[in-house]
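Novice: Sharing a structure below in structure tokens format, with a few things to ask.
None of the figures in this text is laboratory data; all of them are computed from the coordinates on show. Predicted model only: the values in this text are computed from it and were never measured. Don't worry about glycine lacking a Cβ; one is built from the backbone with ideal geometry, like all the others, and counts go over all protein chains shown.
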Amino acid sequence: MANFGYGIKAMALLLALMMLTTPMLVMAQGSDDFIQGKVDGERDAKGDPLWILAGVACSCIGVGAAYFTTPSPPSHALIGKSSEYVLGYTEGYKNKARNTNVMYACLGWLVSAAISIALGGLDQISE
């Protein structure tokens with residue numbers, strides 16, 4: 001009879017371990033989809049070169065606008081994907097596209113500053 005008690009305890013312990021590890025296995029699969037989506041989103045994000053014009057025309061305001069504007073990922077890349085993949089793709093795309101847009105706006109601001117310095121230097125030379 002004593003062995004029967006140990007068998008129940010062993011079975012209860014096994015069930016408890018299975019209940020604890022099953023969600024971890026499911027989360028591990030979900031995180032793989034999230035990571036793959038994030039990698040794909042970062043790969044697909046190209047940014048918008050028109051932010052160069054915003055940097056030229058608006059200087060630091062154009063850079064700020066590029067930073068605070070959230071780009072949207074293309075919807076065709078998300079059709080038929082798992083929710084974890086969509087979350088990862090969206091996060092990766094938005095971060096990479098935003099950084100690229102800010103870089104473009106900074107480039108425009110630098111071009112604007114270089115033109116201003118060059119024109120200011122020409123005014124001093126002509127005087």
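Novice: Would you calculate the separation in nanometres between label points at residue 116 and residue 72, each defined as 7 Å from the Cα along the Cα-to-beta-carbon direction?
Specialist: In this crude spin-label approximation the distance works out to 3.4 nm.
Novice: When the Cα centres of the range 77-119 and the range 52-72 are compared, how far apart do they sit, in Å?
Specialist: Centre-to-centre (Cα) distance: 10 Å.
Novice: Another question, then. Can you list the HN-Hα couplings for the range 79-94, worked out from phi with the Karplus curve (6.51, -1.76, 1.60; θ = phi - 60°), rounded to whole Hz and with x for Gly and Pro?
Specialist: 5, x, 9, 6, 5, 5, 5, 4, 4, x, 4, 4, 5, x, 5, 4
Novice: Run the simple label-point estimate for residue 46 and residue 81 please: 7 Å along Cα→C-beta, distance reported in nm.
Specialist: Roughly 1.7 nm, to one decimal.
Novice: What lysines does residue 94 reach when the alpha-carbon gap must be under 26 Å and sequence neighbours fewer than 8 apart in one chain are set aside?
Specialist: 38, 46, 81
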